[in-house]
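Q: Sharing a structure, written as structure tokens. Questions coming.
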Amino acid sequence: MVFPRLAKCYNCDAMIRLILFATLALALAPLSQAQNQDSEFREKCDALIAAKDSAKDDERLWQLFDAHWEYQMESSPESATWRGYPGQNGRWSDLSLKAINEGKATDRLTLKAILSISRAKLTKDNQLNYDLFRRNAEMAVEKQKFPGEFLVLNQMDGLPRDVPSMLEMMPAENVADYEDLLSRLKGVPTLVDQTIALLQEGLARGIVPPKVPLRTVADQVAGQIQEGALTSPMLSKFNFFPGTISAAEQTRLTEAAKTVYAGEVKPAMERLHVFLRDEYVPKCRATVGRSALPNGSEWYDYMIKHYTTTSLSPDAIHKIGLSEVKRIRNEMEAIKAKVGFEGDLHKFFEFLRTDPQFYYETADGLLAGYRDICKKADPELMKLFRKLPRQPYGVVPIPAYIEKSVTTAYYQPGSNEAGRAGYFFANTYNLKSRPKWEMEALALHEAVPGHHLQLAIADEIEGLPEFRKYGRYTGYVEGWGLYSESLGEEMGFYTDPYSKFGQLTYEMWRAIRLVVDTGIHAKGWSRQQAIDFFKANAGKTEHDIVVEIDRYIVWPGQALAYKLGELKIKELRAKASKTLGARFDIRGFHDEILWNGALPLSILEKRIHNWIDEQGN
């Protein structure tokens, strides 16, 4: 999984993460400022459209790219903070319905502006840029048919997780940075009230998430309500100051933060906690599928297209999943026989889940194990890639206030512009559910050659418009992550048959997703039916299975992207290898995949076919 999903980046809804108010656009600032952001961009769009017959299309295209990126950074200050874009660190996104509706109008004008540009008159490179920007704009407008703004909070994303994560991510090097932190802390009460208003409107309209997965949401909020302000995750930066800030300033800033927390933030979080516990969660729906909501089946089809960047139907995906489950299960049976285990596959699963030899006794031991795997992986990258990124990464534990309700691990991208490394977050909660045999596959997925390598490369590509550098097409990004797990054998991993079984377990996990996600959201499966199918075919612990199923319930379609993306990349590699024979260069193939930025799978396929033709000439 990848964190974060950034607001108003049309093409990054997945990335599982610090989810920063997905789909919601404008800044938490005086209304006149939010209106100015919209009006300034709209004026630029109108001017670009008016210049249709008097300016070169390539020039107008890049003017649109630049204007839209500036608009996004100003209207989504969390995105700006993550990217290192200056001047936005003291603000939050505006979650008011007025701002959301204004953002939708701006999206419609954005589409009108890109359609005013003649693709045929563009250079070859700009034709690809045009295609991607137009697709993003069309998807944003199509999304307006579905009221996702009322599903702004669940156990996986929303204010309880986003706020402390954002505050932790912010720079804290000088007094100005701490003033920005204070400004954002002061904005939390408005953010809470806007979130509650959206959820109340969702209740009134019957647009609510399923009840069961939200059982820990109120507790997530309660974990941030502390009598001592400095013990709250939101004020972590005020416990440690850099030496460049004087002692007097440290005292002033700390006292200011404590005052804001006690007088404004804590009461707001208490309001949110009571609302979620007593009003919202009890009134959420008993059904679990997206199809149970108004226009839910079409909504699910949109989510499939959005996340997987394919036009596959739920039935087609379900069948692919069943086929993959059968294939992987046969490979699991072969490993069971290889290690001489007597008993059926379910007994083998139980052995792997319960034998003490497969578990660390301490959280530090688990983290050290992940770090050792990453150190081993780093030098092996040269065998598979010609060009590597400069950006470093680290391995750290998932924060305690969310560890019970999130999955085994996730990756938080870094930013060269912001001076921030990438981080592989590992879950150290309930060590008896974190077996050693899954660690190699997981580290390769989240760190290198998986998410860190791909996203760090994207951060360093030159000559692309900003929206492409930060593209987050889930089918591509998570497809690459799962494909990276399969590179383990070429990198010297999976020599232990149990570790190889762990890799198959993770591949099975993603294949099962194709079956249960479509089962839940298109075929009327119950939550228990999905859990039972998962347990029957995977060696993961019941805790992980339940958390996963609850994730699929609140994120329809997202989990489909992993396996479908991996299958497409493997299909392209097989075609390239077969067509080129001895001329096939795996490092060149991987560089072609990565050094063009994230792409929808259909466009990636065309580019690789062109690359194959070029290598053959």
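Q: Round to a whole angstrom and tell me the spacing of the C-alpha centers of segment 347-378 and segment 48-78.
A: 50
Q: Scattering from the C-alpha atoms of segment 384-446 alone, worked out with Debye: what is log10 I(q)/I(0) at q = 0.20 1/Å?
A: With no solvent term, the Cα-only Debye profile gives -0.85.
Q: With each label point set 7 Å from Cα along the Cα-Cβ vector, what nm distance links LEU203 and GLN528?
A: It is 2.9 nm.
Q: Please compute the length gained on full extension between SER323 and LYS98, using 0.36 nm multiplied by the number of residues separating them and subtracting their Cα-Cα distance.
A: Contour length minus Cα-Cα distance gives 76.3 nm.
Q: How long are the semi-axes of the equivalent ellipsoid of the chain, taking √(5λ) for every eigenvalue λ of the Cα gyration tensor, in whole Å from largest down?
A: In descending order, the three semi-axes are 35, 31, 25 Å.
Q: With all distinct Cα pairs included, what does the Kirkwood hydrodynamic radius of segment 285-437 come out to in Å, to one decimal, could you say?
A: Roughly 19.9 Å, rounded to one decimal.
Q: Report, in whole Å, the centroid distance computed from the Cα atoms of segment 279-307 and segment 527-582.
A: Rounded to whole Å, the Cα centres lie 21 Å apart.
Q: Over the chain, what is the percentage of antiparallel beta bridges among all DSSP beta bridges, to the nearest 5?
A: 45
Q: Same structure, new question: Give me the lysines in straight-line cross-link reach of LYS404: C-alpha distance below 21 Å, same-chain residues under 8 apart excluded.
A: Cross-link targets: LYS211, LYS432, LYS436, LYS535, LYS540.
Q: Determine the dipole magnitude for the chain: charges of +1 sit on the beta-carbon of Lys and Arg, -1 on that of Asp and Glu, nothing else is charged, the reference point is the Cα centre, and the result goes in debye to the nearest 20.
A: It works out to roughly 1280 debye.
Q: Suppose only helical runs count, i.e. DSSP H with n ≥ 4. What mean residue ellipticity at 222 nm does that imply for the chain under -39500 (n - 2.57) per run, divided by all residues and rounded to the nearest 500 deg cm²/dmol?
A: -18500 deg cm²/dmol
Q: Return the ratio Rg/(2.2 N^0.38 Å) for segment 459-536, where Rg is computed over Cα atoms only.
A: So the Cα radius of gyration is 1.50 times the expected 2.2 N^0.38 Å.
Q: Kirkwood-based Rg over Rh for segment 81-195 (C-alpha set), two decimals?
A: 1.07
Q: Quick check: from the Cα gyration tensor, does segment 71-116 come out rounded (a/c under 1.5), prolate or oblate?
A: Taking the square roots of the gyration eigenvalues as a ≥ b ≥ c, segment 71-116 is oblate.
Q: Something else now. Provide, in order from the shortest bin, the percent of all Cα-Cα pairs of segment 450-585 in each 10 Å bin, continuing until the bin that contains the maximum pair distance.
A: For segment 450-585, the pair-distance distribution reads 11, 32, 34, 18, 5, 0.
Q: Oh, and also: List the lysines whose Cα lies under 16 Å from the Cα of LYS575, skipping any in the same chain that are fewer than 8 positions away.
A: Counting by Cα, and skipping residues close in sequence, LYS575 has these lysines nearby: LYS606.
Q: Sorted from largest down, what three extents in whole angstroms do the Cα atoms of segment 161-296 have along their principal axes?
A: 57, 26, 21
Q: Going Cα to Cα from LYS186, which aspartates and glutamates come in below 16 Å? Please leave out same-chain ones fewer than 8 positions away.
A: Cross-link targets: GLU78, ASP94, ASP162, GLU168, ASP177, GLU255, GLU264, GLU270.
Q: Could you check how much of the accessible area of the chain is carbon and sulfur, as a whole percent, using a 1.4 Å probe?
A: Carbon and sulfur: 50 percent of the exposed surface of the chain.
Q: Can you compute the modelled spin-label distance between LYS432 and LYS578, with each label point 7 Å from Cα toward Cβ, in nm?
A: It is 4.9 nm.
Q: Can you give the Rg to Rh ratio of segment 272-322, both from alpha-carbon atoms, with Rh computed by the Kirkwood formula?
A: 1.18
Q: Work out, in µm²/s and without decimals, the Stokes-Einstein translational diffusion coefficient of segment 162-232 at 10 °C, 1.306 mPa s, Rh from Kirkwood over C-alpha pairs.
A: For these conditions, the coefficient is 109 µm²/s.
Q: Expressed in whole Å with the largest first, what are the equivalent ellipsoid semi-axes of segment 537-586 derived from the C-alpha gyration tensor as the square root of 5 times each eigenvalue?
A: Largest first, segment 537-586 gives 35, 13, 6 Å.
Q: With the radius of gyration and the Kirkwood radius both derived from the Cα set of segment 365-479, what is their ratio Rg to Rh?
A: Using Cα coordinates only, the ratio equals 0.98.
The values are calculated or read from the model by the stated rules, or taken from the named source; none is laboratory data. Keep in mind that what you see is a predicted model, and the values were worked out from it rather than measured. A quick note on method: Cβ atoms are made from the backbone with ideal geometry, for glycine too, and the neighbour counts reach across all protein chains shown. Side chains are part of the model used for accessible areas, which takes the heavy atoms of the whole protein and leaves out ligands, DNA and RNA. Shrake-Rupley method; radii C 1.70, N 1.55, O 1.52, S 1.80 Å.
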